[in-house]
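This report refers to the structure that appears directly beneath it.
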Amino acid sequence: MRSWIFILAVSYLVLLVLLSLNSRRRNQTADDFIFAGSNIGIFLGLLTFAATLFSTFTLLGMPDFFRMHGIGAWIFLAVSDGAMVFLIVWFGYHLRKRVLKKGFRGMAGLLNESYRTSFAGYTYFAGVFLFLIPYVAIQIRGVAIFLNASFPEVFPVWGWALLIVITMLIYSEVGGLRAIMYADTLQGLILLVVVWVIAFNCISYFGGVKTMFVSVESVDPGLLSVPGPENLFNIQFLLASFLAILLLPVTQPQLTTRLVVMSNLRAMHRMAVGVGFFAIMIILPTAAIGLYGAVRYPEETTAVFLSQVLLFDQPGIVAAAAIIGLIAAALSTSDSQIFALGSELRSLLPLREKNTLLKTRIGMIVFGFASFVFSILSSDQLVLLARVSFAGTSLLAPMIFAAIFLKKSPGIEIVIATLTGLLLFIATLFNIIPSEIGTIRMDLLLLIFLGLFTVVIHFVRNRSNGWSRNQH
Amino acid sequence: MRKPNSVYWKICCLAAILLSVITFTPLVIPAGKYVPQLFGMPYSLWIGILITVGFVILTFLGTIVHPGKKEEEHK
């Protein structure tokens, strides 16, 4: 296996270097660096969006989620992703229409302009920073603990994490968004092939799909239905997760940017359909891998289960490809998010190109190392931590919808309410306030409240404007 | 008069909302039940797969009838 790892790792690194240098040659302006010339076609758009969305969280987190909580994991992620691709068609059109009129430097800049106060942009930036850094960190940590469990003699967990962060920063700083998109494409293809080969081997172990489910039933029939053996997938959890995942293209800048930089609406539409198809193709095999783990490794820790199923139960070349695929997945999701945070920082800065680009680059390095520090401190519950990140950023959605859909400037009250919502949600995470009010989850409650509040403020403002016009 | 595309697009939106709503009913996620099975797959899994495929088909249909498509063609 080690010789295969060496061959594949060298091939991957050579490709990464070539793609970065090629992108660097093509980047003529700061906008080329940040937005890849805003002319991305269907194939590149599809794979970069998919690779940014499906990452370590998918390859490591989802099999473990299926193993521990059963088939409800499909409803949790795949159904939510299905709805999300429909939302891309609806929201993407309105976003692009807005961008066509007013230009785009980042969502924070768009919010500043729309709300006519930089408070809106800073609130957005604070929200994405607070919830994306932990998300980036768990991608890095997921791969680092896996590599450490598999090769304990090479590096400690922090060593692997540092290596991933440095590699990511180097090629992002060299090639900009275009290099990241090329790396995403490479990663998306590796991930898809690897996950299917491993799933096929897992199903072969049982002799077929039917016998796999019979074996799972004999181990724990609770895995075959919701809410699962640990009662995780109750309707409220699934609904709150559905809304949080549905709103990802609206609230997470690495995805919003990818809707904007597509060459035209037709390309964005086709990309959306492709991502939906990709979601099914990538999540389905993780179910087989997870259920194999439920039968063979029900009591093992996450790290042991993953190193067994992805490495030691696979032929050498597949195990080596899994390792490279995992590193590629961690790199591609993390770099997109770190880069998006840098772009958002840029959109908050005044328009002096040379200076702002330098600050953006420095910002990316700072964000990268913040993720590294958090990756050492965070827990191993990949999917649940990712879900917290999704739920946190989803609270920004009503504020963004108001900016995109309202012709007049929405009220600053919406920004204040959003900031309060973010603070309350963080307070629940640290157990300062209860995470449920009555029997309702706080994240769900906050999202519903912010949505209703935004609608009410819009109508109240419209009415008072109409009233003052009549007075005059 | 409303453009036909706009009506079809709204039908797609309504269908997507309907699909989202039924996902969270016992029709799709009956607690503790995994029959009837399809090719050995438990009930909530195969119907969940059908719903996801349904969303992707709706997205595809939505891209065909989306009113913005015409706007771009006219530009």
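The values are calculated or read from the model by the stated rules, or taken from the named source; none is laboratory data. Small disclaimer: the values here were computed from a predicted structure and weren't measured. Here the Cβ positions follow ideal geometry from the backbone for every residue, glycine too, while neighbour counts run over all protein chains shown. Accessible surface areas use protein heavy atoms only, side chains included; no ligands, DNA or RNA. Shrake-Rupley method; radii C 1.70, N 1.55, O 1.52, S 1.80 Å.
Figures for the structure shown
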item: Those residues of the stretch A:226-242 which are within 17 Å of residue A:395 (Cβ to Cβ) and in contact with a helix residue (DSSP H, G or I) (Cβ under 6 Å, 6 or more places away or on another chain), in sequence order; result: A:240, A:241, A:242
item: Those residues of the stretch A:239-264 which are over 18 Å from the mean Cα position of the chain (by Cα) and open to solvent by less than 10 Å² (accessible area, probe 1.4 Å), in sequence order; result: A:262
item: Pairs, first within 16 Å of residue A:130 (Cβ to Cβ) in the stretch A:239-259, second among the acidic types (Asp, Glu) and crowded, with 24+ Cβ neighbours inside 10 Å, C-beta under 6 Å, six or more apart; result: A:253/A:344
item: The stretch A:210-238, subset touching a residue at least 40 places away in the same chain (Cβ under 8 Å), hydrophobic (A, V, I, L, M, F, W, C) and assigned to a helix (DSSP H, G or I), residue farthest from the other protein chains (Cβ to nearest Cβ); result: A:219
item: Among the candidates A:323, A:365, A:376, A:327, residue that is of a type in the set (A, V, I, L, M), open to solvent by less than 10 Å² (accessible area, probe 1.4 Å) and outside the structural domain of residue A:425 (by TED's automatic domain parsing); result: A:323
item: Candidate set: the stretch B:33-56, residues that are touching a helix residue (DSSP H, G or I) at 6+ places or on another chain (Cβ under 9 Å) and open to solvent by 50 Å² or more (accessible area, probe 1.4 Å); chosen: the one modelled with the highest pLDDT; result: B:53
item: Residue check, residue A:396 touching a Leu at 6+ places or on another chain (Cβ under 9 Å), of a type outside the set (D, E, K, R), open to solvent by less than 60 Å² (accessible area, probe 1.4 Å) and closer than 23 Å to residue A:433 by Cβ; result: yes
item: Any hit, the stretch A:1-18, residues being within 14 Å of chain B (Cβ to nearest Cβ), in a helix (DSSP H, G or I) and modelled with pLDDT of 85 or more; result: no
